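Have a look at the structure below, then the notes.
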Amino acid sequence: ADLGAAPAAYGEFWRLWKEGRFFECHEVLEILWRQTPGLERWFYNGLIHCAVARYQAKRCMSRGAARQFLRAQLKLATFEPRYGGIDIVALIEYLRREMAPSLAMQSDIESGQLKELRQMLQKKMIGHFPSGRYEGKWEDW
């Protein structure tokens, strides 16, 4: 699936991403995300979580980075294997590698909180996707 004529903000997001300007990535895509209805809204929101995860990891905020990565992974999994002109599987694997130091720093308590967050988000997402569209594709790390 693709976005058809992608909005300018989408292209700007990826330009900023390549420059490592993750805070700005979030800012530029947030307006588009808020204005977009339906499943595409979840896609943009997943990308925002990717950018915030990278931003927080760069700032050594491991707990926030891990939580944002979880949100990104859950929201983008339903768009696998490709969507919006990008390889979603490769993007999630790239993030997993980039997030590895942040994920490794999680205490047992924080890991438990991530599992609780995943369960809560899982229930929320299943209710928003058409039957069969969201199959709960997520992994532990």
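The values are calculated or read from the model by the stated rules, or taken from the named source; none is laboratory data. This is a predicted model, so every value here is computed, not measured. Positions of Cβ are backbone-derived with ideal geometry, glycine not excepted, and every protein chain shown enters the neighbour counts. Surface areas here come from the heavy atoms of the whole protein model, side chains and all, with no ligands, DNA or RNA. Shrake-Rupley method; radii C 1.70, N 1.55, O 1.52, S 1.80 Å.
Using square roots of five times the C-alpha gyration tensor eigenvalues, list the equivalent-ellipsoid semi-axes of the chain in whole Å, biggest first.
23, 19, 12
Of Leu16, Leu76, Leu47, the residue with the greatest mean-square motion in the GNM of the chain, using alpha carbon springs below 10 Å, is Leu16.
Restricting the GluC sites (Glu not before Pro) of segment 1-90 to loop positions (DSSP other than H, G, I, E, B) with no more than 16 neighbouring Cβ atoms within 10 Å leaves Glu19. Charged neighbours of Val28, selected by a Cβ distance under 10 Å, balance to -2 (K, R count +1; D, E count -1). Largest mean-square fluctuation among Arg34, Arg118, Arg63, in a Gaussian network model of the chain whose springs join Cα atoms under 10 Å apart, belongs to Arg34. Annotation: per residue accessible area for segment 52-113 equals 46 Å², rounded to a whole number [probe 1.4 Å, protein chains only].
Dividing the Cα radius of gyration of segment 21-94 by 2.2 N^0.38 Å, with N the residue count, gives 1.04.
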